[in-house]
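Shown next, in structure tokens, is the structure this report addresses.
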Amino acid sequence: MLRIAMKNLMRNKSRSILALVGLVLGVTTIIALISITVGIDNYVTNTVSKIKGIIVYEKDVSFLPLSRIDEQTIEKIEKIDGVRDVAPRVFVTVMRIDDKGGGISGFKEMIRVYGIDPIRESKTRKGQHPLGSELLRGRWLALGDKYAVILDENIADDYKKTVGSKIKLNDYTFKVVGITKEMGGMIPGSATIPLDIAREMAGIKQNEVTALLVEPDHPEETERIADLIEMQIDGVDAKPTEEYAKQIATVLNYIDALFWIVSSIAVFVAGIGILNTMLMSVLERTKEFGVLKAVGWTEEDIIVLVLSESFLLGVIGAIIGTLSGAIVVEIAKHYLGIPMAISTNLVIYAWCFSIIVGVLGGIYPAWRASKLDPIEAIGVG
Amino acid sequence: MNDVVIEAKNLKKYYKMGETIVKALRGANIKIKKGSFVFIVGPSGSGKSTLMHLLGALDHPTGGSVKMDGKEISKMDDWELSMIRRNKVGFIFQTFNLVPSLTALDNVKLPLLTDKRISDEELTARAIKLLKVVGLGHRIYHTPNELSGGERQRVAIARALINNPEIILADEPTGELDSKTGAEIFELMRKMNKEEGKTFIIVTHDTEYIKHNDTVYHIKDGVIKETSKRELEKNGMKGKKEIT
Ligand SMILES: Nc1ncnc2c1ncn2[C@@H]1O[C@H](COP(=O)(O)OP(=O)(O)OP(=O)(O)O)[C@@H](O)[C@H]1O
Ligand SMILES: [Mg+2]
């Protein structure tokens, strides 16, 4: 039956393709929007909101990892009254570990890597935890370290690394000098490397960094100091990390709303598309359905045939939509430089969407086909 | 009388055409024995196709009865009629009515494709065998538009035989074919009748295909009369379509 249904779809390819456009667009938007939203959400909660203080980045930059700040800004900010410490950060996205990874839906080989300045970092964190997490084995990064890395225990476990092992991140080989407790969150791992190597990996100029972390003398002054930095330093935005996270969350809420709007429009458009296509195809094949009935097919048999065709459209729409969604996510990953992955649940949701819309759009045409009078349909005199 | 395969009594079929009522059949009687090869003739519009539809469980009569294998089918619902068509009837149409997207093989399999009692392997094997019987062993994977008219009608004959039916109803099976091809198709149908013992009921305008000892029924004014080739010739009915 499915084979016959497939043949029927292949008969009028351009019409079938037209019917698929709506479905594919629907599935693509669902997959891309959700994956990107979740990716950004995870990234923000993991990178920014974990650290208390002020984050300073390039003014009006659309996305944090794209920010570039001149290193001299550090000294300028240090001079501001009420600022205790300033620590630079360079964000690196790693997609290959030990030459594995880089696939479409791999959280696994995607980790956050930070370039830090060990000296400034230890000042900011009062010589304790550069990433706010506890050192389990080995040591922190020190001045003069080059290809040295601190892994969190997640990565260390996943890749079976201990202090002294080698690990390849993208095209650079590092020696593990320390292992920290995991930081939690959806993205399962992070690693810390010296600033210079991070710059090289991220393709950032020698005198630039991605962002600065500023710690005020008194935590209750965080907001005032942030305002002060914005006023006194040209070309930067300064936000308390909590506020920054909140701001991103608002944007994400908009994206979320947008998702639902687009989703429902997609259901509508795709549904109408399938309905229209199937109806046209059924009317065009009136005679054929008449023949099927004449040779003993029941109404149910014909309903099953037509629904199989629209079901197949749903499946094909799901396959193509998933692929194009994945491509959009890949592109977003590339431009935003943050880890994103398409979760299995999301794919299941999108497939259900596509198949349900496909089948729903086929119900009326199937019913119409089943009710054809064989004699009239065949049209013999 | 269990060798009567189909019997119609006082069969009536009226069509409503707006205000007027067209009485296509006004009390037709016919009784056909198993294994016979009978003809139905009559002028255009005399109700031949209408009778075929009723005998073939395609339509409900306005009145009267149709018994197939002793079972009354005129009052059955649509689903039961589908089952009768699937299990007991084979149709051959003037315009072949093959599904254009499907191969000869798939077209032959079509009637039983949704029947769960027969496996696909078995169905395929049977369809191939039938295609060979009708002389199309070398055209199994051709689609209808790659076949000649005569070949298409052979596929249709194989399709009509796939369900091993009690009766085969052919409504002007050679209407679209030249006389040589038409003769071949009749030869094939007579062969199936003789070798497989299949009952054939054939509507035709071409009296040249009728033999002298064939049973012939003549429909006129909505009723059926048994006649013969000799009588037809005497009354001047030739191998041409009559227009009324
Ligand atoms: N669906 C219909 N609605 C109305 N009238 C119909 C319908 N089908 C057939 N008729 C009428 O019933 C009469 C018998 O038609 P039928 O098709 O049985 O004739 P026929 O003997 O097969 O003619 P032909 O030799 O031209 O095929 C005709 O007058 C026809 O117009
Ligand atoms: Mg007719």
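The values are calculated or read from the model by the stated rules, or taken from the named source; none is laboratory data. As the structure is a computational prediction, the values presented were derived from the model and not from experiment. FYI the Cβ positions are ideal-geometry reconstructions off the backbone, even for glycines, and counts take in every protein chain you see. Side chains included, ligands, DNA and RNA excluded: accessible areas come from the protein's heavy atoms. Shrake-Rupley method; radii C 1.70, N 1.55, O 1.52, S 1.80 Å.
Considered as a group, the residues in segment B:165-194 that are touching a helix residue (DSSP H, G or I) at 6+ places or on another chain (Cβ under 6 Å) and among the polar types (S, T, N, Q) include one that is farthest from ligand 2 (Cβ to nearest atom), and that residue is B:Thr181. The number of residues in segment B:101-111 being open to solvent by 10 Å² or more (accessible area, probe 1.4 Å) and at the interface with chain A (Cβ under 8 Å from one of its Cβ atoms) comes to 1.
Every condition in (1) under 24 Å from B:Ser46 (Cβ atoms); (2) at pLDDT below 95; (3) open to solvent by less than 10 Å² (accessible area, probe 1.4 Å) holds for B:Glu176 except the one numbered (3). Does A:Val269 satisfy being open to solvent by less than 20 Å² (accessible area, probe 1.4 Å) and either farther than 30 Å from B:Ile157 by Cα or out of contact with any Asp or Glu (no Cβ under 8 Å at 6 or more places or on another chain) (or both)? Spelling it out, it is not the case that A:Val269 is open to solvent by less than 20 Å² (accessible area, probe 1.4 Å) and either farther than 30 Å from B:Ile157 by Cα or out of contact with any Asp or Glu (no Cβ under 8 Å at 6 or more places or on another chain) (or both). Residues in segment B:204-234 that are more than 12 Å from B:Val38 (Cα to Cα), buried (at least 19 other Cβ atoms within 10 Å of the Cβ) and in contact (Cβ under 8 Å) with a residue 60 or more places away in the chain: B:His205, B:Ile219, B:Gly222, B:Ile224.
If the condition is being over 17 Å from A:Ser263 (Cβ atoms) and open to solvent by 30 Å² or more (accessible area, probe 1.4 Å), then segment A:16-32 contributes A:Ile17, A:Leu18. Just to be sure before I move on: is B:Lys88 of a type in the set (Lys, Arg), more than 16 Å from ligand 2 (Cβ to nearest atom) and closer than 30 Å to A:Asn8 by Cβ in the structure I sent? When the stated conditions are applied, B:Lys88 passes them. Residues in segment B:15-61 that are in a loop (DSSP other than H, G, I, E, B), open to solvent by 20 Å² or more (accessible area, probe 1.4 Å), within 14 Å of chain A (Cβ to nearest Cβ) and more than 16 Å from ligand 2 (Cβ to nearest atom): B:His60, B:Pro61.
Quick check on this structure: which one of A:Ile316, A:Ile320, A:Ile303 is more than 7 Å from chain B (Cβ to nearest Cβ) and over 38 Å from the mean Cα position of the chain (by Cα)?
Numbers: A:Ile316 fails: over 38 Å from the mean Cα position of the chain (by Cα); A:Ile320 fails: over 38 Å from the mean Cα position of the chain (by Cα).
On inspection, the qualifying residue turns out to be A:Ile303.
Residues in segment B:193-203: is at least one outside any strand (DSSP E or B), open to solvent by less than 30 Å² (accessible area, probe 1.4 Å) and of a type in the set (A, V, I, L, M, F, W, C)? No. Being open to solvent by less than 10 Å² (accessible area, probe 1.4 Å), among the aliphatic types (A, V, I, L, M) and assigned to a helix (DSSP H, G or I) is the requirement here; does B:Leu131 meet it? Against the criterion (open to solvent by less than 10 Å² (accessible area, probe 1.4 Å), among the aliphatic types (A, V, I, L, M) and assigned to a helix (DSSP H, G or I)), B:Leu131 qualifies.
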